[in-house]
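The values are calculated or read from the model by the stated rules, or taken from the named source; none is laboratory data. Everything quoted here is computed from the prediction, not taken from an experiment. Surface accessibility is based on the protein's heavy atoms, side chains included, excluding ligands, DNA and RNA. Shrake-Rupley method; radii C 1.70, N 1.55, O 1.52, S 1.80 Å.
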Amino acid sequence: MNSFANISRETIQELLQYYMRGSKKIAKALGIDLSETYELRLAPFAEGEYNINLLLSLEKTHARWVVRLAKSSQMHLEQQITYEAHALELLETSARTPRLYFVDDTKEALPFGFLIEAYLDGRPLVYEKDLAQAAAILADVHSVPVPSARKLIAPPSQLKIIADECRAMFDLYRSWANADKALIAWVDERFIQVEALLAQEQREKHRSSQNETLHIVNTELNSNNFLINEGSQSFLVDWEKPLLGSVAQDLGAFLVVTTTLWKSDTVLQKEQRQEFLELYTSAVAGRFCCENIELKVNRFLALCSLRGITWCAMAFFQHESKLRPLQDDYTFLRVQKFISQEFCSNVYHDYWKSLI
């Protein structure tokens with residue numbers, strides 16, 4: 001997979017600016033009249049671990065778009081941007097995601113894949129007042145029909161995918177000479193439960209005469225990926241890692257404490273989680289079956305909490321070993337909190353104790 005390792009952000013922006021000026025395809029895709037003089041401008045917008053976002057604007061009309069560039073791929077895909085673009089194409093009918101305007105993943109003119117999508121307004125989600133909005137957004141997204149000729153990945157077991165990620169991340173921490181033995185013991189106890197849960201999932205699949213309906217799931221539902229607009233349409237952005245599978249993964253990832261507490265001080269109690277699932281089921285309005293949704297979500301709450309803790313353990317090891325320092329003090333404090341004995345104990349009682 002192509003990397004940005006030796007290219008500065010400024011150089012990337014300059015290369016892209018030059019490419020856009022000479023691209024008739026981009027002008028056509030954005031509805032720009034080539035008979036008139038126009039100026040496309042790029043400005044820094046946001047940057048993640050695996051991507052760079054730039055704000056693209058047309059000086060004459062003040063129209064705006066977002067350019068997403070793939071630095072690398074969480075999913076280890078050779079054509080990460082093509083994968084994201086396909087998801088956006090499928091999701092357009094939901095009216096809850098950015099419209100796709102252009103995609104170039106050839107890496108012929110530029111050393112990276114990128115796409116251009118609609119710029120959408122909105123503020124980040126606030127758990128205390130936006131749960132109904134989030135439920136409606138997810139219900140609309142999950143209701144999008146999945147075509148038979150699908151190109152998105154549909155893992156045999158979403159739970160196993162998360163479990164494997166947890167093991168890989170925690171193995172890095174486990175190998176550290178200063179690893180906390182109490183944390184290792186706690187995580188190993190969870191892995192024993194995970195194996196029992198995966199075995200139970202397999203037994204259920206063998207007993208069932210029907211395959212579960214596939215839905216497009218985002219898999220990374222932090223509050224900043226929601227764009228909330230009071231009194232008008234709200235949206236879900238950042239489709240870097242979509243899968244086909246059970247909606248319970250998205251619902252669990254949205255509700256779990258390792259998501260809600262990462263960028264806020266919110267911990268959703270059991271009653272609040274149940275209320276959200278009721279709002280979600282109501283918003284689905286019969287468009288697909290929500291049978292046993294709470295049981296399925298509870299399993300993902302457990303696995304997603306473990307993923308958050310094992311990621312923090314890996315990040316703490318890398319920071320302390322000066323392999324990959326954390327971005328800021330806030331992140332460092334959150335990482336410390338999530339691998340603390342108190343936090344892990346609360347996670348066990350909330351998600352794991354009655355699981356299996």
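Please calculate the 1.4 Å probe accessible area of His62, with all protein chains present, and give it to the nearest 10 Å².
Accessible area of His62: about 140 Å².
Determine the distance separating the Cα centre of the stretch 171-228 from the Cα centre of the stretch 233-249; give it in Å without decimals.
Using only Cα atoms, the two centres lie 18 Å from each other.
Considering only protein heavy atoms, what is the solvent-accessible area of Asp180 at a probe of 1.4 Å, reported in Å² to the nearest 10?
Ignoring ligands and nucleic acids, Asp180 comes out at about 70 Å².
Could you sort Phe317, Phe226, Phe45 by accessible area so the largest value comes first, with the probe set to 1.4 Å?
Correct descending sequence by accessible area is Phe45, Phe317, Phe226.
Taking the Cα atoms of the stretch 190-288 alone, what are Rg (to one decimal) and Dmax (as a whole number) in Å?
15.8, 47
Rank Tyr18, Tyr38, Tyr83 by accessible area, highest first, at a 1.4 Å probe radius? Write out the running numbers ahead of the final one.
Details: Tyr18 170, Tyr38 55, Tyr83 20 Å².
Of Tyr18, Tyr38, Tyr83, the descending order of accessible area is Tyr18, Tyr38, Tyr83.
How are the Cα pair distances of the chain distributed, in percent, across 10 Å bins from 0?
The distribution over the chain is 5, 23, 31, 26, 12, 3, 0, given as percents.
In angstroms, what radius of gyration and Dmax does the stretch 1-149 have, counting Cα atoms only?
Final numbers for Rg and Dmax: 16.6, 51 Å.
Quick one: which of Lys129/Lys263; Lys151/Lys241; Lys107/Lys241; Lys181/Lys270; Lys151/Lys263 span more than 25 angstrom between C-alpha atoms?
Lys181/Lys270; Lys151/Lys263
If I build a Gaussian network model for the chain, linking alpha-carbon pairs within less than 10 angstrom, which residue out of Arg203, Arg174, Arg41 has the largest mean-square fluctuation?
Of the options given, Arg203 has the highest mean-square fluctuation.
Please arrange Trp262, Trp65 by accessible surface area, largest first, computed with a 1.4 Å probe and ligands excluded.
Trp262, Trp65
Leaving ligands, DNA and RNA out of it, report the carbon-plus-sulfur percent of the accessible area of the stretch 48-164 at a 1.4 Å probe.
Details: 2620 of 5020 Å².
So the carbon and sulfur contribution to the accessible surface is 52 percent.
With every protein chain left in place, what is the accessible area per residue of the stretch 218-290 in square angstrom, probe 1.4 Å?
Each residue of the stretch 218-290 exposes 38 Å² on average to a 1.4 Å probe.
Can you pull the percent of the stretch 224-281's accessible area that's carbon plus sulfur, 1.4 Å probe, other chains left in place?
Summing carbon and sulfur atoms, their accessible area is 46 percent of the total for the stretch 224-281.
Kindly report the accessible area of the stretch 34-190 per residue (heavy atoms of protein chains, probe 1.4 Å, no ligands, DNA or RNA), in Å².
Numbers: 7460 Å² over 157 residues.
For the stretch 34-190, the solvent-accessible area averages 48 Å² per residue.
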